[in-house]
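The values are calculated or read from the model by the stated rules, or taken from the named source; none is laboratory data. No experiment lies behind these values; they were computed from the predicted model shown. Positions of Cβ are generated from backbone atoms using ideal geometry, with glycine treated the same way; all protein chains shown enter the neighbour counts.
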Amino acid sequence: MSFYSTAFLLFLPFFLSGYFLTRGRLRLVVCLAGSYIFYGWADWRFAGLLAGSTSIDYLLSRRLMGTSEMKGRKTLLVASITLNIGLLVLFKYFNFFVEGFSAIISYGAAQHSASLTLILPVGISFYTFQKIGYMVDLYRGAIDGEKSFLRFATFVAFFPKLMAGPIVSAPKFLPQLQTDHPLDWNKITGGLELMLQGFFKKAVIANSLGVVVDNFFAHPEFQTSLTLMVGAIFYSFQIYCDFSGYSDIAIGLGRVLGFDLGINFERPYFAMSFSDFWKRWHISLSEWLRDYVYIPMGGSRGGTARTIRNLLVTMLICGLWHGANWTFIVWGGLHGLYLAAQRLLGSSFRRSVEHFEGAPRTLMRVTQMLTVSVFVTIAWIFFRAPSLGSALAFLQGIGSLDNLAFSAVPLRFWVVKGILLIGMLISIEGLHLVAPRVTQALGSAHFRFATNAAMLWCIALFGVFSNSIFIYSHF
């Protein structure tokens, strides 16, 4: 089931009624049952896989809680990680590895091999990382462990965050399952407003930009340089509004139910550096990679060479986590190189900035933000392209500078609409950044009501409903 579907609109009132009319253990039962109905709506087999892997992890965690001998604890941890990574590799990367292996062994010969296609369970990348994080925290002694299977299963399957995050750690989420969350109208109204904001980002901004992006990325070899530049920039904002919109809906729904799922985005295109970008983009994944991959490998300890190695490995894992395609691996590798270059050239860059002390501080900040955004957008081309060849053709088309006339750009109505929407988004987020007092003053009940009414009006009049799938639901 998708947040962006009629089924969800019908499901939500029934679930909320059952949730708020119950207390204690019965409320957890309602929450878990609702989560499995939500998850298994499209394919019940997904729910079966989730239930089976959750049960095994629960049994392994209980054994780990009762084992004090270090070797035994490590064996149980490795067993859990092997199970979860094994399932992820089987369903997400099986076809990728089989096709690659077939291409190698049949090099120079005609290929007639049959292939087995496995359906990718929705959300498997997210709940896999969440369960691994739980087991690692338990192994480290960071948490006591959850004895109740009902609470553990709800932690894994809580439907607002199940399909595409945020990836909420056990220390942050499990304590919230210990108590009932009474009706809190401030949380409910705040959560509904955040959900509305998410639907606005998806229906009005992301889907409008998607009309242009899908067309321009389809055949880059036939597009002008300016057309491809517009396509790349539009995709940067499409994926941001699509994914942050999903996160807003998930976090807002969690807030309605009384849960704090954290924040997942913090104006990423205002980042001043590449490391700053990853503190603002998909924050829950960034924190997971930091805590369970980068720091265990040594982090920034052990000298520059090891730090760069750790950065590259972490970002390659990040790319591979997104999908079984070389385009994602290159995307992750590029971000690893960006972070490595920042590490190597950071001091040199700061010294060069000192030579421009007479320049306006705002100009320097804008220059830094634009530089980061340009390189991030280049990486997004690989993320969006269906193949490496298509991505390289896209970049080659931009670099040719063959035709920069706006009159040669197709879909000009949608392009102009997209430019206006991006300008509005940048203006609103920039206002939050440069004038926080103004935004606080605009937080009055009357202004919030007017803003919510305007978003509803825009969704009804300008929303694009042909694409109901969130981009990150594929991961």
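Any idea how many residues of region 401-420 are of a type outside the set (Val, Ile, Thr) and under 31 Å from the mean Cα position of the chain (by Cα)? It would help to see each step written out before you state the result.
So in region 401-420, the residues of a type outside the set (Val, Ile, Thr) come out as 401-408, 410-414, 417-418, 420.
Adding the requirement that they be under 31 Å from the mean Cα position of the chain (by Cα) leaves 410-414, 417-418, 420.
Result for region 401-420: 8.
Screening the candidates Ala305, Ala324 for the property of being assigned to a helix (DSSP H, G or I), of a type outside the set (Val, Ile, Thr) and out of contact with any Cys (no Cβ under 9 Å at 6 or more places or on another chain) yields one hit, Ala305. Scanning region 291-313 for residues that are outside the structural domain of Pro171 (by TED's automatic domain parsing), farther than 19 Å from Asp242 by Cβ and within 16 Å of the chain's Cα centre (by Cα) turns up nothing.
For beta carbons closer than 6 Å, sequence separation of 6+ or different chains, a first residue in region 195-220 that is touching a residue at least 60 places away in the same chain (Cβ under 8 Å) and a second that is buried (at least 20 other Cβ atoms within 10 Å of the Cβ) and of a type in the set (Lys, Arg), the qualifying pairs are Phe217/Arg384.
Restricting region 9-54 to residues that are surrounded by fewer than 16 Cβ atoms within 10 Å (Cβ to Cβ) and assigned to a loop (DSSP other than H, G, I, E, B), the residue that is modelled with the lowest pLDDT is Ala42.
Taking Trp326 as meeting all but one of (1) at pLDDT below 95; (2) more than 22 Å from Val89 (Cα to Cα), write down the number of the exception. Going through (1) at pLDDT below 95; (2) more than 22 Å from Val89 (Cα to Cα) one by one, Trp326 breaks only (2). Checking each residue of region 24-34 against the condition of being within 27 Å of Ala79 (Cβ to Cβ) and not hydrophobic (A, V, I, L, M, F, W, C) gives no match. Applying a threshold of 7 Å to beta carbon distances and a minimum spacing of six or more residues, or different chains, the list of pairs starting in region 360-386 at a residue that is without any contact (Cβ under 8 Å) to a residue 40 or more places away in the chain and farther than 20 Å from Trp326 by Cβ and ending at one that is surrounded by 14 or more Cβ atoms within 10 Å (Cβ to Cβ) and among the hydroxyl-bearing types (Ser, Thr, Tyr) is empty.
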